[in-house]
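Below is one structure, written out as structure tokens; the observations come after it.
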Amino acid sequence: MNFNIDQTNAESVLDILKKNKFTYSAEIIPPRNGTDFKEVFSSIATLTEGGFDFLSVTHGAGGSLRGGTMPIAFQAQNAYKMTSIAHLTCRGQSKEELENSLIDHHYFGIHNILALRGDPPDGINEKFVKAEGGFEYAHELVDLIAQKNRGEYIKRKGYDDENEFRRGMETRFCIGVAAYPEDPDGNDIEYLRIKKEKGAQFCITQIVLNNDLFFSFFEKVYTLWGNYFPVLPGIRIPTSWKQLSRMHEKFGISVDADLYADMEKNKDSKEAMREVGMSWAREFIEELKIGGVPGVHIFVMGDPDTAVSVRHNQV
Ligand code: FAD
């Protein structure tokens, strides 16, 4: 195997956003541990052929046991030439382990990282508990990544004692973070400012299904940082009543009143509901384009075909 570092020569997400007027990207989830991984690569193939610009691969989202983030991101870039963002969380890792993980990403040519605190493991802890020697907040992970970009590495005990860092090669990580348009405490913009100050370069939002709510958040961020801090709204194309009501009731996601009413009206017909969800997504994307939003990040949840149909305005 002809392996050299940076063999994928993957672009940074910021460069892709700069080059394109509007981008379509997707979030994919690794299969549960112990299940076949063919489906995820088939999704990547569909998204690549469907003209998506880049994708992101989750890491233990929802606290579930799903390894494979790094190899999937690597393979997407290597075999499908699809630039990938690997999600990386603070959960269960000391800062030394996180630095080692960053080196793994660097060797594999995965230069786009979504730096997250991470969900607590399902059913074990309701609250996030920071690992020993690890981080409490995503901004600390952003800081750790930005340090590598400046060539600053954790010191070995007993060495380099007079310096804050050990000097090393500068990486070229492009750092994204999560953002929350539904912000009950009103603090998210301030927390986002801290993440940006530490080195975050773009953000992807939690699922938005409410146009007004997203645009009010977008305006706040745009007023602060303009195009220097791209915001990508995360959307899930609602295709069933069960899925929509679960997002609304279980996860408290605010749903556009018209979308909710139209879905409820059609809840006995699978086809009609899918059509309502897809047409909402298409209209929302048109609004995003007109509103100067740089792109949309679609959470495909094992259904890349719907995402591709929306991208190409097909039924
Ligand atoms: P932070 O920004 O650190 O926020 C964590 C908590 O601390 C929040 O309650 C926040 O309000 C508070 N806070 C933040 N900064 C400060 C501060 N300076 N002072 C005081 N309080 C503060 N989870 C996974 O496990 N794996 C994934 O792959 C994954 N992917 C995601 C992708 C997207 C697009 C989004 C939106 C979320 C994703 N999550 C994922 C979920 C995320 O990890 C959780 O929502 C987590 O609880 C918060 O992560 P964060 O990075 O926003 O953390």
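The values are calculated or read from the model by the stated rules, or taken from the named source; none is laboratory data. Predicted, not measured: the structure shown is a model, and the values here were computed from it. Ideal geometry is used to build each Cβ from the backbone, glycine not excepted, and the neighbour counts take in all protein chains shown. Note: areas computed on protein heavy atoms with side chains; ligands, DNA, RNA excluded. Shrake-Rupley method; radii C 1.70, N 1.55, O 1.52, S 1.80 Å.
Worth a mention:
- Here, the range 264-315 yields an orientationally averaged convex hull projection of 4.1 nm² when only Cα atoms define the hull.
- Once the Cα atoms are used to define both axes, helix 270-290 deviates from the longest principal axis of the chain by about 60 degrees.
- Filtered trypsin sites (Lys or Arg not before Pro), the range 142-222: DSSP coil and at most 15 other beta carbons within 10 Å: Arg150, Lys155, Arg156, Lys157, Arg172
- Residue with peak Gaussian network fluctuation, the chain [Cα springs, cutoff 10 Å], from Ile29, Ile253, Ile145: Ile253
- Accessible surface for the chain, divided over its residues, is 50 Å² per residue with a 1.4 Å probe.
- In summary, the lysines within cross-link reach of Lys265, defined as a Cα separation below 24 angstrom excluding same-chain residues under 8 places away, comprise Lys242, Lys250.
- Electrostatic bookkeeping for Ser101 treats Lys and Arg as +1 and Asp and Glu as -1; over the other residues with beta carbon under 13 Å from its beta carbon, the sum is -1.
- Among beta bridges identified by DSSP and lying wholly in the chain, the antiparallel ones come to about 5 percent.
- Degrees separating the helix 211-225 axis from the principal Cα axis of the chain, which is the longest one: 30
- Computed from Cα atoms, the angle from the helix 188-198 axis to the main principal axis of the chain rounds to 40 degrees.
- Rg to Rh quotient for the range 205-315, alpha carbon positions, Kirkwood Rh: 0.97
- 10 Å-binned pair-distance histogram of the range 1-117 (Cα, whole percent): 13, 45, 35, 7, 0
- Taking a straight line from the alpha carbon of Lys19, these lysines sit under 29 Å away, with near neighbours fewer than eight places off in the same chain left out: Lys81, Lys148, Lys195, Lys196, Lys198, Lys220, Lys289.
- Partners of Lys157 within straight-line reach, counting lysines whose Cα lies under 16 Å from its Cα and excluding those fewer than 8 residues away in the same chain: Lys95.
- With helices as the sole contributors, the chain gives -12500 deg cm²/dmol at 222 nm; each DSSP H run of n ≥ 4 counts as -39500 (n - 2.57), and the sum is divided by every residue.
- Positive end of the dipole of the chain (Cβ unit charges, origin at the Cα centre): among Ile44, Val300, Asn313, the Cα lying farthest that way belongs to Ile44.
- P(r) weight above 38 Å for the chain, C-alpha pairs, percent: 12
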